[in-house]
Structure formats: structure tokens, C-alpha cells
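See below for the structure under consideration.
Read the figures in this text as sums done on the coordinates, not as results from a lab. The structure displayed is predicted, hence computed values, not measured ones. Because the Cβ atoms are built from the backbone with ideal geometry, glycine has one as well, and the counts that use them run over all protein chains shown.
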There are 4 protein chains.
Amino acid sequence: MKKYVLKAGSTSLESLVIIECDEPKVKPGEVLIRVHACSLNFRDQAVVTGNYFGGVLTEDTVPLSDGAGEVVAVGDGVTEFKAGDRVAGLFFQNWHDGPPNPAAGAALGASGCNGMLAEYVALPERGVVKIADSLSYEEAATLPCAGVTAWNALMCGRNPIKVGDCVCVLGTGGVSMLALGIAHAAGAHVVVTSSSDEKLERAKKLGASGFVNYRNTPQWGPEAAAASNKGGADVVVEVGGAGTLAQSMQAVNFNGEIALIGVLTRDGDTTPHPLMMKGSSIRGIFVGNKTMARDLAAAIDVNGMKPAVDKVFPFKEAAEAYRYQTRGAFGKVVIRV
Amino acid sequence: MKKYVLKAGSTSLESLVIIECDEPKVKPGEVLIRVHACSLNFRDQAVVTGNYFGGVLTEDTVPLSDGAGEVVAVGDGVTEFKAGDRVAGLFFQNWHDGPPNPAAGAALGASGCNGMLAEYVALPERGVVKIADSLSYEEAATLPCAGVTAWNALMCGRNPIKVGDCVCVLGTGGVSMLALGIAHAAGAHVVVTSSSDEKLERAKKLGASGFVNYRNTPQWGPEAAAASNKGGADVVVEVGGAGTLAQSMQAVNFNGEIALIGVLTRDGDTTPHPLMMKGSSIRGIFVGNKTMARDLAAAIDVNGMKPAVDKVFPFKEAAEAYRYQTRGAFGKVVIRV
Amino acid sequence: MKKYVLKAGSTSLESLVIIECDEPKVKPGEVLIRVHACSLNFRDQAVVTGNYFGGVLTEDTVPLSDGAGEVVAVGDGVTEFKAGDRVAGLFFQNWHDGPPNPAAGAALGASGCNGMLAEYVALPERGVVKIADSLSYEEAATLPCAGVTAWNALMCGRNPIKVGDCVCVLGTGGVSMLALGIAHAAGAHVVVTSSSDEKLERAKKLGASGFVNYRNTPQWGPEAAAASNKGGADVVVEVGGAGTLAQSMQAVNFNGEIALIGVLTRDGDTTPHPLMMKGSSIRGIFVGNKTMARDLAAAIDVNGMKPAVDKVFPFKEAAEAYRYQTRGAFGKVVIRV
Amino acid sequence: MKKYVLKAGSTSLESLVIIECDEPKVKPGEVLIRVHACSLNFRDQAVVTGNYFGGVLTEDTVPLSDGAGEVVAVGDGVTEFKAGDRVAGLFFQNWHDGPPNPAAGAALGASGCNGMLAEYVALPERGVVKIADSLSYEEAATLPCAGVTAWNALMCGRNPIKVGDCVCVLGTGGVSMLALGIAHAAGAHVVVTSSSDEKLERAKKLGASGFVNYRNTPQWGPEAAAASNKGGADVVVEVGGAGTLAQSMQAVNFNGEIALIGVLTRDGDTTPHPLMMKGSSIRGIFVGNKTMARDLAAAIDVNGMKPAVDKVFPFKEAAEAYRYQTRGAFGKVVIRV
């Protein structure tokens, strides 16, 4: 079998190499998966450059948290899966249910935990989840990090979104377009921001109903609040980080929540005092748990949502997929394995 | 102006009479409404027959809790409304927000509180709410009792429904069809029961995706659970009462809730022990508050839901509307005023 | 080592025998516990008489779900425990967190799953939890079933009890006295019912502040509501079942919840219509999960609560402990192992 | 009667004058209160100096939001109160129940809304609440702003505190000591920070069980987390503002919440990225609603909590009370009227 590894000490894509190795043997409690597709997240770029949690990789590591495939064998004691099941790995291998906690365990595809960019992967049963019946492997591979993050942001906060609420998503990247899909299926009014009218138009086709071009309106917060048709967005999916937070605090409604996902920008006015008058919150989001992954799959099957896949690359062009993503994709970038 | 009254001591529709009277004068804090449409609920039948809470009417009373119209004048101190606003009355005149409480106040159209079946009605500001922009008066008139009840049942329990959940509605009456509309807009999978395949077909057009004919399957609970595509319905909208509760306890999912609305049937096995194994609940529902009415209107405007109106009667045929409803309408029966 | 078994087909205590056997070998993922104390629940009586779920035992089974002891060895891969840890088994061996679900797994001490009445017991790591530092083994052994049930009833419903709320507990048995302890520590006003003024007096010493003697007042519901000093109890810990439910529906407050735990009585008026006017709920409770067990231990350590232990029996008098419990203990009956 | 007014344009205490005037006439819907005690909050200092919301006062204004007294008359239509009732005014005159919203109305004692520092005050019925039976007027006067704020912070967030949780309060001012009292009564472990070991000792007498002297440990966040005896505080009562937020983010637990109350400091590192790894939140708090005031009173009556009153000043020494508070009180500063 073939797999990619990022070499220890990696600071650029030159460290990404494809190697030949034996198939993993399935141990007790494990599930062996023939991976069919993987997807990229921005954290995967940070792993490449040595800027992810923990710094540069200290050993050769298979990259990517997100992959979907077919179970080909199960170890002793496995009860949840059988050969033939369509599954994905979980971002956190040991966070089954309940709130965030320090025992969530390793995150796939980063220091100390091999990821999914391989033809075969063996994972503990608890770190695997069935994918939605209605999705292809390419589509399902977009969800373990970005989809679960979007679900957590919208559905697991102080006030899970309900039909008629307003959601504001920042930009048209992977998490934002998945959040748009979920929020639209949930009967919410979705306001999208972008620097491109053409991307806003594509978001409209996915169900967005409010639009702000932040190139035209750099102080876009009040405009997003106006586009909410109420006092502001009940949830703001904040993928930008410090640089956009001040505008998000303008965009959020009374009693609303800013789901803080992104660290794309590090500088900006982060004074949280605007939250006080409105009784609003900022909640930190770090992907999510197995129950969220299951609930997302159920929501997809009931509603026929399709993740926005920007482009699919063949296995041998994995490096090109990384480069393509850095140029700003609409939705997700996928690698077929 | 004209209005209907049910005579004190009413036990049948023969006590329903139309009379001519002066328009009400708007007092401080009040809103004067030109009513354009009313709708009927089963409780209105019980008021006619003297079987509603408190027994037979002790004084002549304008019937019907549900009516929508246009504000034509406001009294001193009114700040929330102005002439021209499109509004409806609230079922409970004094339940603004928060949980059920003993101070909810009088219910329109029953003992001690005149209702909406009149050309002009004056209500306290707090007992009035704006209707959805996207609805006609006939459509909006279906919501104050049945729509708010459905919203409360689905959205205000232990686990408000979320995208991908399953809702089971019993029959195709007013509350059930409104619950279907809300649940479908919220991205839920909706299972409908009926004694008529033709009505199931009509429910399918409104978004239902699971179907049980309880004439064919009197023990319909397990079949409804099977139609949920998961362990059972996350919310069962129980409009039947004691006679259907045992089946509802079969239909409900682990951790699910039976929203107990109906008292149509009084006999049946109500032993709640089946709730224990599943950790499920029965929650009593008695319409809802002003915030629920507002949230429902917002959900309608965002999603373009249309209440199912079975038939509209002219003002002078109000008694015929009552009779029509007792024969089993699909959705709501409306009187144009 | 010694252990008790209930013989297959047991319908009485005559089937309870003590036998000599080898210590269990700890397998990968397992924890070996030297049990120091066990406690009895009413369900254990039902197991003896063949009336528990699944009927009479189909094979010889070690009884009792509740036991606490010291870890003496751990198998490969165990990370949560080490030798010397003070632990208890969990009632449900596979319900870690989150809501009730069908995968909770076997319940200790019933058909198909050996229990804790043995000197040594090996359990999977996931089915074990640390006990409160401030409790003895005898005290900690009272919690896995009755304590977690009480916690679930009070803290995991629609409105977890908060400081200043009112809780009503029925009688002075194990679950009720543990619920009293938790509710009192949580700053709630606790109303206790009993047929004995002497037991009410003992409950007062444990923190109860409202009292109803149901022998004097068989229709005790309204009296319990009056003793709440508000509209009724926010949570009623309903250990009686069908025979007491009608009174519990009188005792419960607007928006309150009846935590349905008991099946001691099977006959009675269970019509749930009184829930409707008050917007109240009945929620089925079936013990609880590992997170609840942990939260309970934390609450005990912070507040110095002590479970009410009625009497401690030596290991060789286990049968006598069963008999003693059936005569109506105040709090819990314990067996030292 | 006598009352104090702050003159329009006030920037210092020299603008605080006492004047003689007629008693207010009670209007329909109003309650006339003979005020017996008032208390001070830091926002009242900001009103004096012209630094509160809206800047300097544009007209003469009776100061102070917090006052308690006896109802001496009620206007037409008032149903909730009668002469002789012991009551307090609400900070927000029009926020009855439910989440924060833009219609909360005027805040007593600031621009456009006369406050409580007067012998007689007339308020709308909806802006008044009964005080706890077990408190004196002096004690009850400490609650409308600081007590309701503390209640909101602890009990109305994403995870209302429960028995066994950990709460961290910053310093020993009014809100912090009221939060300590509530949290202790609720069975929480309370960690207090102070620059003074003597104040920490006084907090211990009020129920605190963890202590951090931030003069000794300027980077006190990790020490507060250690003093939690778990991963951190489940709620941090953040009265400091921007200057302390970075430490609060160290002190807060996984899934915990920082209740953001204070704006005492404006400079500091407010980057919220530390929230992400822990899934924690910052929630803005702006006092609270009438239901919170009622719940607080109930909690006080059930548990016998006593607000920490630092010093009581006579009516004629109101200016001295202001000055005393700025020097750093332990708990609340009260003016007897």
C-alpha cells in the first residue's frame, strides 16, 4: 500500500512524500479502513509549516484528519462496525459525547497521531463513525473536521439555532459553506460575507439569503446585522479570528453567540465589552465529538444536503491540492485515494 | 358593528347569535383591532357545549381565541403598535415570556374573557402580537392557539427539535398540520398518522416523509417508531390524549418527549412506565406565550411556510364553520370577518 | 476468593449461595477490584424473585449492582486507573456520557452480567468510576444505583434544580434520602413525605424543611404543594409509581418535573391531563451514566454530604441484609465484603 | 419629602444636592414606595463623573438604581402589589423575563430615568419586585443591581452552576461577595482572589474555600485553576474587564464560562484564542430581569443568605457613602433613607 508522510521537522510541502509500506494489521478493538477520499483543512497547512499546536513535527507523520472509506476488517471485540460499512475517522479519537474535556485525545494528522492520507488506516473503534448514506466518499470526507466544527458552532452552543433564526457566516471557505448548508436546512436565514460578488452569488445558490461584500464595506458588522432582518445574527460563525472579531461583535444579536473557530488573523481589536449591552457570548470551538458527527450525518440524510466540494485531486497530486487550497477555495478541496 | 356572542348557559350552537353593537372605545394601554379573519379550535367547540374549563358560560361571551386584523387605533401609552399594523390576539392575554406560570391570565373566547369573533376588538397591548408579513389575515388567524401550541410542542421542550430529528404528528387536524409545517421547515423528518391514505398523501405534499395508517395498524406506535428511521420520534405531538398515549409511548425515541396537547380521548392505558427504559418524557402543553408567537412568525417569514387552511367561511356562516370542523377538517377552518 | 451467586431460576433468597472460586484474571482494558462494600436496591430484590427485566435468571449470576473497592491490578491499555485507586462499578457498563440511549449496555447484577457481591471483580475500564475521597467504602457503595438515580432525577432534567428551588421526595428509602442530601447541599427547600413522624424527624436532621405525613393525609399532593412555599415542587422524586402519581401531579409546580423512578406500585390513576394546565412533565429515569457518577462524587467532596446508611451487615450475612431491606430501611442497607 | 439630585452636567460629587419636593402622586399602573434604604454600585460613580452610557447627565436626575422600601399606595389597575408590601425597584424597568433584549427599557438612576435616592418614589408595577422576607431593607437594597448581576452570572449562562461546581470570584467587592454567597448556598466550591490576606480571611467566613492573593501572584489565573480542585472554575465572575481577562481565561475550566461584568480596567490582552482549546465562553452580563430578582429572593429565603454590608450611612451623608465606596469596600455600601 501507499501512504503520504510529512517528514519530521517539516516547514514546507517539500517534506510531503509518498512511500510504500505494508498494510496495517488490525488489532483488538480496531477497525481497518480502505480510505477512498480525504479533504484538507487550514490546520493541515499549519501542520505542514510547523505552526500547528506543538510546533514542528518531531517524527514522520501521515497528514490529514479527514478521510472516509470502507471497513475491510475489524479486530476482536469490535461491535459497532463490520466489513463493508462506510465510515470516516474522527478528528479527536477519544471524545465520544458530552462537553469539551481534556481527555479528547489525539487529533488525527498532527504530532503524535498519524492521519488519513493513506490507502489503509487502522483506528480504534471509538475513533470511527458511520458516514451519511446519501453522500459519496468524496463528499463525506469533507466533514470530520470542518463539518463537525460547523455543527458544533450552530447546534451545541447556548442557544442552538432553530427555525427562523439568523446565522452569519464569514467568507466562503470550508467551514462557512458547511455551516451555510446546515443552517439553511435548519430553516435559518443565512447572511454570508465575502470579498467577491461572484462568490456571494454562488452562496445564494446554496441557500444564503443575506449578503455583505466586505471589500465594499470593511466595517461590515452593522451591515450584516441589518441583513439579519432582526437585531443581528443569532450565531456568527467566526472563522477569521482576532482581525474580524470586532465586526462580529457588531453583527451578533442580543443574546446571540459568536462561535470562535478561526485563528486566520491574529491582530485586531478583541475588547469584548460590546458583548455586555447585548448579553451576547463568544464561545471557543475546537471541532467536536462523535455524537455531533452522527447528528450531522442524520441531518444530511434527512435533508439531502450536499457539501460544497470545490475540486477533487487524484492521490498522486496531493501536494497540488494543498497549494490549491491556499489560493482560496469555495468550499472544500478533496483528494481521491 | 357586528359581533357574535354565545349566550350564557350555552350547551349547543343554538346559543350562538350575531348582534349589532357600538365599536369599543380604546382605553389607555389598549389596541383597537379591525378583525379580518378568525379560526376555530376544538376548545371552541367545548366552550359552545359548556365542557370547557369552568363549565357552561356564566355570561354572554364573544367566542374564539383566534383572530387577526389591522390596528385602527391605539390608546395612551401604547408603544409597540400603531394604526395600520397587522396583528393577532394572544390566546393568553398575560403570558409574555418565560415558562408556564399561574399568572398567564385569561384565555380569549371563554368564560370571563370576550374573544375575537367580532368586527372590532380592543385588547391590552401586551395581549397583541404582530403577524408574519408573508401571511394573509386568513392564514395568520390560524396561529394564535394551534400554531403557538405546535411551536411550544416542538421548540420549547427539553430538547427543542433540530435539523435531522424526527417528529411524529397524530392525525391531520389543525395543530398536527401546523406542527408538520414547522418541523419540515426545521429540517426534521416528519411521520404522520391518519386513518386515511388520501390524507396521508396530502400530508406528503406538505413535507411529511413517514406515514402510518392507524386504521390498518391500530397498534401504530411501533410502526411509527420504525418509520422514524431511528429509535423513534424525538417529539410526538400527542393531540389524542389518554386513548392514544400508550401508542405514543411506543413511538417515542430514547430521550424523546411526548408533547401532551389533546384531551380528545379520555380512556386508555396511561401507565407511564414505558418512559423509564428510554429516559423519555411527557410534557403538558397549554398553548404558549407572546415570544413563541413572535418566533413562529419569524420562522414563517424566513421559510415561506403556509398554514394549511381547509375552508374559509363568510362571517354570516360562522355556525356552519363550527359544524364543518366537527366533521374532521384537514388543517384549519377559517371565518372571514 | 469467595463470591455469592444467585442460582439460575431463582425465585427466592434460598437460591443465594456463597461459593469459593479463583480470583479473576485481569484482561486487556480491564480493572481488577478488591470489593470492600456493596449495597442493596429494590431492583436487587426483583432479581432474586425473578421479577426483574428478562424474568428469572437463566444462569448463575453474582448479584448486586452496587459495590466499591480498591483497584489491585489493571490490564493492558488501561489509562484511567492504577492500583490503589478507590473505585466503584457503574450500574450501566457502557453509558459514559450524554442522554439515555439503547447502547447503555448490561446492568450489573442481573441476567447476563455478574454483579459486585464478590471479593474480587474484574470490570472494563469504561464501567468503573472513582469514588468520592471523603467517603468510606461503605458510604460510597450506596451510590452506583440509588445515588446516580437521585442525581439524574434532580440535575439532568428539563430544569436542573437550582438554589432556592423546591424538591419533594417520597418516603425515606435509599433514593429519597440521597436525593434529600443532594438537594439540601444544592440549596433547595426539601419536602419529605412519610407515614411516620419519627422518620420525618430523622429527615429533618438531614436537611429537610417541609414535612407531610401521608398516613394522616392520604391525598398528600396538595399538602406537599402547600409545604413548598411556592406553587409546588419543582422536582418530585417519584419512587412510588402508578399508585402515587396522581398525588405527585398535585404536588408538582408549574413548569416542574416528576422524575419517575419507581415501580413499587402498579395500580392507580395515571391520567396525565393535570400536567397540561401547569406545563409540567413526567420524565422516566433509569439510573444514569458515568459523568453523573463523577459529578455526584464531586458534589459530595465539595459539600461533605454523607449518604444515610441504615445498617451494615457482614459478608456472610448477605441474605439477612436482603431481608432487612424488605422491612423498610431509612436510607441504605450495606454489606461489608 | 426630600430627595437627592445630580445636577445636569455633573462631573463630580459637588453636583449631588439634596432638595425638598412634593411626594409623587401615584398614577394608574404605578406603585408608590417609601424608600428605606439604597445601595451604591460602581456604575453610580460613573454617572456622577459623566462617564456612564450616554455621557454627562443632560437633566437633573435622582441617582442610584438600588433601593428598597414599603409600598404606601398603588394606582388603578395594579394587581401585583398592595400597601404594606416590602419591595425594591428593578434596575431595568421593562425586562420581565426571557433573554436580554433591546426593549429592557430605562435603567434607574441614569440619564432619562430618576433613581431611588429619595424618600418616596413612584414606579410602574412592572418595574417593582418583592424583596426576600428574611432580609432587612438595608440588606435588600444591596441586590437590584449587584445581586441580580451575580445571579445572572452564575445561574443564567450556558451551564448554570450546580452543586459541586467551582466558581471563581475576582476581588471582594459587591458583586463578588454576593456571587460568593449565592455560589456557596448552591453547594459550589468558591475560589476568591484578593490583594489582601485579611480580605481573603473574611471571604472564608462567608463560605469561600479556595484563595489566591494576586498581589503575591500577579499571573493568578493558573493558581486559581489549581485552587479549583478540578480543571478550572466552571464560572469566573469577571468584574475586572480587559485588564484581568487574560488571567480569567487561564482560570476557567473546559466548557466553563467567564461572566463578563466589569469594565473597571480597559487595557489588557483580550485575545480570546485560549477559549478555543477548552471550549469555554465569555458571556456579557448587564444586570438582569425581574424573574432573576425573584429567584434570588427565593434562594435567599430558603438558605438564609445575608448580603455582606460593609457600612451603612445616614441619608444626609450620601456623598460620604460615595466617597467611601471608591476607597474599596468589602461587600456593599448602604444609605439609610
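Specify the longest stretch of chain A that does not include any exposed loop site, a site being one of the trypsin sites (Lys or Arg not before Pro) with a non-H, G, I, E, B DSSP assignment and at most 12 other Cβ atoms within 10 Å.
Excluding the exposed sites themselves, the longest stretch runs over A:83-214.
With +1 on each Lys and Arg Cβ and -1 on each Asp and Glu Cβ, and nothing else charged, work out how big the dipole of segment C:148-284 is about its Cα centre, in Debye to the nearest 20.
220
Roughly how big is chain B's charge dipole about its Cα centre, with Cβ charges of +1 (Lys, Arg) and -1 (Asp, Glu), in debye to the nearest 20?
Charge dipole, chain B, about its Cα centre: 440 debye, nearest 20.
Through the Karplus equation 6.51 cos²θ - 1.76 cosθ + 1.60, θ set to phi - 60°, convert the phi angles of segment D:230-241 into ³J(HN,Hα) values in whole Hz; use x for Gly and Pro.
8, x, x, 7, 6, 9, 10, 8, 8, 9, x, x
What are the nm distances, shortest first, from B:CYS21 to its equivalents in the other copies, labels at 7 Å along Cα→Cβ?
Copy-to-copy label distances at B:CYS21, shortest first: 4.3, 8.1, 8.5 nm.
By the gyration tensor of its Cα atoms, with a ≥ b ≥ c the square roots of the eigenvalues, what is the shape of the protein assembly as shown: rounded for a/c under 1.5, prolate for a/b over b/c, or oblate?
rounded
How far is C:ARG34 from the same spot in each other copy, in nm, shortest first, if each label point sits 7 Å from Cα toward Cβ?
For C:ARG34, the other copies' label points sit at 5.2, 7.3, 8.9 nm, shortest first.
Relative contact order for chain A: what percent, with Cα pairs under 8 Å and sequence separation of 6 or more?
Result for chain A is 17 percent.
With point charges of +1 on the Cβ of Lys and Arg and -1 on the Cβ of Asp and Glu, referenced to the Cα centre of segment B:148-284, which listed residue (B:VAL175, B:VAL263, B:PRO218) lies farthest in the positive direction of the dipole?
B:VAL175
From the square roots a ≥ b ≥ c of the eigenvalues of the alpha-carbon gyration tensor of chain A, which class results: rounded (a/c under 1.5), prolate (a/b over b/c), or oblate? Spell out each step's value before the answer.
Numbers: a/c = 1.85, a/b = 1.61, b/c = 1.15.
In terms of gyration-tensor shape, prolate.
Across segment D:59-70, in residue order, what do the Karplus-derived ³J(HN,Hα) couplings come to in whole Hz, using 6.51 cos²θ - 1.76 cosθ + 1.60 with θ = phi - 60° and x for Gly and Pro?
8, 4, 9, 6, x, 6, 7, 10, x, 10, x, 10
Can you tell me which of B:GLY171, B:GLY55, B:GLY115 moves the most in a GNM of chain B? Springs connect C-alpha atoms under 10 Å apart.
For chain B, modelled as a Gaussian network with Cα springs under 10 Å, the answer is B:GLY55.
For D:VAL309, list long-range residues whose amide hydrogen, built 1.01 Å from N in the peptide plane, is under 5 Å from its own amide hydrogen.
D:LYS332
Name the chain A residue nearest the rotation axis between A and C, going by Cβ position, and give the distance in whole Å.
So the chain A residue sitting closest to the axis is A:ASP97, 2.
Under the definition of partner shielding as Cβ atoms of other protein chains within 10 Å of a residue Cβ, what is the mean value for peptide D:185-194? Numbers along the way, then the final one.
On the way: counts 6, 8, 12, 7, 5, 1, 0, 0, 0, 0.
Partner-chain Cβ atoms within 10 Å, mean over residues of D:185-194: 4.
Running a GNM on chain D with Cα contacts under 10 Å, which residue among D:MET177, D:MET249, D:MET305 ends up with the highest mean-square fluctuation?
D:MET305
Checking the cross-link filter: which aspartates and glutamates have an alpha carbon closer than 14 Å to that of B:LYS199, excluding same-chain neighbours under 8 positions apart?
Those aspartates and glutamates meeting the cut-off are B:ASP310.
Starting at the first residue of segment C:321-335, write each ³J(HN,Hα) from the Karplus equation 6.51 cos²θ - 1.76 cosθ + 1.60 with θ = phi - 60°, in whole Hz, x for Gly and Pro.
Working through the residues one at a time gives 4, 4, 5, 4, 4, 5, 7, x, 7, 9, x, 9, 9, 10, 10 Hz.
Place a +1 charge on the Cβ of each Lys and Arg in the protein assembly as shown and a -1 charge on the Cβ of each Asp and Glu, then give the dipole magnitude about the Cα centre in debye, rounded to the nearest 20.
0
A 31 angstrom limit on the alpha carbon distance is what I want to check against. Which of C:LYS204/D:LYS306; D:LYS3/D:LYS27; A:LYS130/D:LYS162; B:LYS130/C:LYS230; A:LYS162/D:LYS332; A:LYS306/B:LYS311 exceed it?
A:LYS130/D:LYS162; B:LYS130/C:LYS230; A:LYS162/D:LYS332; A:LYS306/B:LYS311
Taking R0 as 51 Å, what's the FRET efficiency between D:ALA226 and A:ALA226 from their Cβ-Cβ distance, rounded to 0.05? Before the final figure, lay out the partial values.
Numbers: r = 46 Å, r/R0 = 0.91.
The computed FRET efficiency comes out at 0.65.
What fraction of the DSSP beta bridges in chain D is antiparallel, stated in percent and rounded to the nearest 5?
So the antiparallel bridges in chain D amount to around 55 percent.
Mind listing the long-range amide H neighbours of C:ALA37? Cut-off is under 5 Å, sequence gap 5 or more, other chains count too, H placed in the peptide plane at 1.01 Å from N.
Distant-sequence amide H within range of C:ALA37: C:ALA68, C:VAL337.
Go ahead and set up a Gaussian network model of chain D, Cα springs under 10 Å, then flag whichever of D:ALA185, D:ALA203, D:ALA251 fluctuates most.
Of the options given, D:ALA185 has the highest mean-square fluctuation.
Place the label 7 angstrom along Cα→C-beta at B:THR49 and in each other copy, then list the distances from the first to the rest in nm, shortest first.
4.3, 7.1, 7.4
222 nm [θ] for chain B, helices only, -39500 (n - 2.57) per DSSP H run of 4+, per residue, to 500?
After summing the helix terms and dividing by residue count, I get -7000 deg cm²/dmol.
In angstroms, what radius of gyration and Dmax does segment D:196-325 have, counting Cα atoms only?
Over segment D:196-325's Cα set, Rg and Dmax evaluate to 17.0, 53 Å.
If you take the square roots of the eigenvalues of the alpha-carbon gyration tensor of segment A:156-270 and sort them as a ≥ b ≥ c, do you get rounded (a/c under 1.5), prolate (a/b over b/c) or oblate?
Judged from the Cα gyration tensor, segment A:156-270 comes out rounded (a/c under 1.5).
Report the label-to-label distance for A:TYR324 and B:VAL72 in nanometres (one decimal), using points 7 Å from each Cα along the Cα→Cβ vector.
6.6
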